[in-house]
Amino acid sequence: MGEIKELVTLGKRGCASFTEKKSEFIGYASPVASEAEAIDFVAEIRKKHADAKHNVYAYIVGSATRYSDDGEPQGSAGMPVLDVIRKSGVTNAAVVVTRYFGGILLGAGGLVRAYTRAAKEACEQAGIVRYEGYTQISFSCDYGLYDKIKNRLTFIKAKTDLCDFEGNVKMSVSMKDAYAEDFLAFLSEVSAGKVVGKITGSRFDHE
């Protein structure tokens with residue numbers, strides 16, 4: 001399996017609600033960084049709506065995929081919520097749909113439509129963000145080189161994570177993976193080999 005170059009996930013938490021045949025459906029969607037965080041999010045919503053008859057959930061985190069009908073007929077709730085996440089193209093996302101039963105049965109088809117709608121509207125409220133792979137690089141240079149290096153960092157839209165002007169200039173920066181090797185070569189060239197950049201890590205980020 002190739003290295004993941006980007007991460008598409010929800011931008012923030014989202015919530016949406018509506019009433020269908022006297023049953024209230026409340027959808028919650030959230031980006032999550034790990035399966036443990038997804039489980040915590042589900043627990044949070046379940047606690048918030050402990051008086052509800054059903055708190056259906058689904059999440060996708062990396063290769064982990066989980067869902068629960070939480071008492072609804074099999075295949076009528078959890079799987080439709082999971083399908084919404086899949087079709088939106090996101091990962092590292094969790095959705096919980098709470099249902100307050102209004103006394104009128106919706107039937108399997110009605111439940112599928114209602115849970116799908118609640119999940120979809122919650123995800124739309126959360127929005128979708130595309131994160132790209134960023135390489136983190138640290139280096140130290142003298143003040144005479146700082147402006148040239150800063151101009152290059154601005155040109156490639158790098159992010160400055162740390163800049164310390166005590167003694168020599170010490171910097172920790174992050175840039176899209178595609179720029180990393182060229183930037184390391186630039187540091188060596190502009191300083192006649194005196195400045196050596198060190199790759200210290202990687203992360204997902206966006207402009």
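The values are calculated or read from the model by the stated rules, or taken from the named source; none is laboratory data. Quick caveat: nothing in here was measured; it's all calculated off a predicted structure. Note that we place each Cβ from the backbone using ideal geometry, even for glycine, and neighbour counts take in every protein chain shown.
Scanning segment 150-159 for any residue that is surrounded by 15 or more Cβ atoms within 10 Å (Cβ to Cβ), more than 24 Å from the chain's Cα centre (by Cα) and among the basic types (Lys, Arg) turns up at least one such residue.
Restricting attention to segment 90-133, report how many residues are within 21 Å of Leu7 (Cα to Cα) and crowded, with 22+ Cβ neighbours inside 10 Å.
Going residue by residue through segment 90-133, those that are within 21 Å of Leu7 (Cα to Cα) are 90-95, 119-120, 122-133.
Keeping just the survivors that are crowded, with 22+ Cβ neighbours inside 10 Å gives 90, 92-95, 119, 122-123, 126.
Number of matching residues: 9.
Listed by position, the strands (runs of 3 or more DSSP E) inside segment 67-184 whose residues that are within 30 Å of Lys53 (Cα to Cα) number at least 2 are 93-100.
Does Gly71 count as within 20 Å of Gly102 (Cα to Cα) and crowded, with 19+ Cβ neighbours inside 10 Å? In short, no. Sort through Val56, Val32, Val8 and tell me the only one that's under 22 Å from Val112 (Cβ atoms) and of a type outside the set (Phe, Trp, Tyr). Only one candidate qualifies: Val56.
Determine whether Leu82 is modelled with pLDDT of 95 or more, surrounded by 14 or more Cβ atoms within 10 Å (Cβ to Cβ) and under 22 Å from the mean Cα position of the chain (by Cα).
Working: modelled with pLDDT of 95 or more: yes; surrounded by 14 or more Cβ atoms within 10 Å (Cβ to Cβ): yes; under 22 Å from the mean Cα position of the chain (by Cα): yes.
So Leu82 fits the description; yes.
For segment 1-58, the set of residues classified as touching a helix residue (DSSP H, G or I) at 6+ places or on another chain (Cβ under 8 Å), surrounded by fewer than 16 Cβ atoms within 10 Å (Cβ to Cβ) and hydroxyl-bearing (Ser, Thr, Tyr) consists of Ser17 only.
Taking segment 191-204 as the range and being of a type outside the set (Lys, Arg) and loosely packed, with under 15 Cβ neighbours inside 10 Å as the test, the residues that pass are Ala192, Gly193, Val196, Ile199, Thr200, Gly201, Ser202.
Scanning segment 159-185 for residues that are touching a residue at least 24 places away in the same chain (Cβ under 8 Å) and in contact with a Lys or Arg (Cβ under 6 Å, 6 or more places away or on another chain) returns a single hit, Ser174.
On the given criteria, is Ser88 over 30 Å from Ile45 (Cα atoms) and among the hydroxyl-bearing types (Ser, Thr, Tyr)? No; evaluated as a whole, the condition is false for this residue. Restricting the first member to segment 109-125 and to residues that are closer than 12 Å to Phe18 by Cα and in contact (Cβ under 8 Å) with a residue 24 or more places away in the chain, and the second to residues that are crowded, with 24+ Cβ neighbours inside 10 Å and charged (D, E, K, R), the beta-carbon pairs closer than 9 Å and six or more apart or on different chains are Ala114/Arg99; Tyr115/Arg99; Ala118/Arg99.
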